[in-house]
Amino acid sequence: MKTIALLLPVWLLLGTYASWGQSRFSVSINLAPTFSHSNSKSVIPPTNNPAVPIATATEVLIQSHSLGYSVGLMGHYALTTKWSLSTGVWATQTQSSQGKLILNGDAIALSYSNKHPFHYAYRVPIFVNYQSSTNRISPYFSVGSSADFRSTSYAYINGQEIPIKLGKPVAISPLLVGAGVIGQLKRQLTLVVQPMLEYDLQAHPTYTYYHTYQLSLQTQLRYRF
């Protein structure tokens, strides 16, 4: 219900704009399965803190991969017959995750299974899109980024599940790049199928290395007014 309540005003707002812009405006329903992978290494130096003494440096490696999905509504504005802008709201969710934590060579298995199917994280993406031709089926390319709103995570402490929030309330996501096809189904209805790569280009100075990316198959059913 929270997702519907958030997405409905966006849909209504875009519909109002569409009535002004006539055929330049379109709206779409988006759905995408996602696969995420991360791999990082950091070194915790020794410390003389009496509360948590660490005699030697600790090498920490974290590896994980996750499966999930995103669903959302987007509005599109055609600048020309080939160039367009897109924005909207995505509700995302991680269904499961597997990985391991390695401390100085000793591995600890990590796993996560979503027990909160109606708790979502929200994103507001913005894209510049380009289709190479005006044919009925055309290659379709997108590049952009998104504002990601902090969601609730869950930690297990002494066997009890504790909700927590980590990071900034709003963070700017890394680069989003997509390449796929757009097909005209009817005069006002089009379908976009677009594999998309999201890669973290931000600096992480406290890590020896930090690699994270997400692959998704963005599918849009788009209606043009």
Screening I108, I102 for residues that are within 27 Å of I62 (Cα to Cα), free of Cβ contacts under 8 Å to residues at least 12 places away in the same chain, more than 17 Å from the chain's Cα centre (by Cα) and assigned to a strand (DSSP E or B) leaves only I108
Filter pass, N135 being surrounded by fewer than 16 Cβ atoms within 10 Å (Cβ to Cβ), under 29 Å from T58 (Cα atoms) and of a type in the set (S, T, N, Q): no
Within the range 146-168, the residues that are at pLDDT 70 or above, open to solvent by 80 Å² or more (accessible area, probe 1.4 Å) and not in a strand (DSSP E or B) are R150, K165, K168
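So which of S40, S28 is assigned to a strand (DSSP E or B), under 23 Å from S132 (Cα atoms) and either at pLDDT 80 or above or open to solvent by less than 80 Å² (accessible area, probe 1.4 Å) (or both)? Let's see the steps before the verdict.
Numbers: S40 fails: under 23 Å from S132 (Cα atoms).
The match here is S28.
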Among (1) part of a loop (DSSP other than H, G, I, E, B); (2) buried (at least 17 other Cβ atoms within 10 Å of the Cβ), which single condition is G180 missing? (1)
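Looking at Q218, is it under 16 Å from S28 (Cβ atoms) and either of a type outside the set (S, T, Y) or in contact (Cβ under 8 Å) with a residue 24 or more places away in the chain (or both)?
Details: under 16 Å from S28 (Cβ atoms): yes; either of a type outside the set (S, T, Y) or in contact (Cβ under 8 Å) with a residue 24 or more places away in the chain (or both): yes.
For Q218, the condition - under 16 Å from S28 (Cβ atoms) and either of a type outside the set (S, T, Y) or in contact (Cβ under 8 Å) with a residue 24 or more places away in the chain (or both) - is met.
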If I filter the range 94-117 for residues that are on the phi < 0 side of the Ramachandran plot, surrounded by 15 or more Cβ atoms within 10 Å (Cβ to Cβ) and charged (D, E, K, R), do I get at least one hit? no
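The values are calculated or read from the model by the stated rules, or taken from the named source; none is laboratory data. Keep in mind that what you see is a predicted model, and the values were worked out from it rather than measured. Cβ sites come from the backbone with ideal geometry, for glycine too, and all protein chains shown count toward neighbours. Heads up: the accessible areas ignore ligands, DNA and RNA and are worked out on the full protein's heavy atoms, side chains in. Shrake-Rupley method; radii C 1.70, N 1.55, O 1.52, S 1.80 Å.
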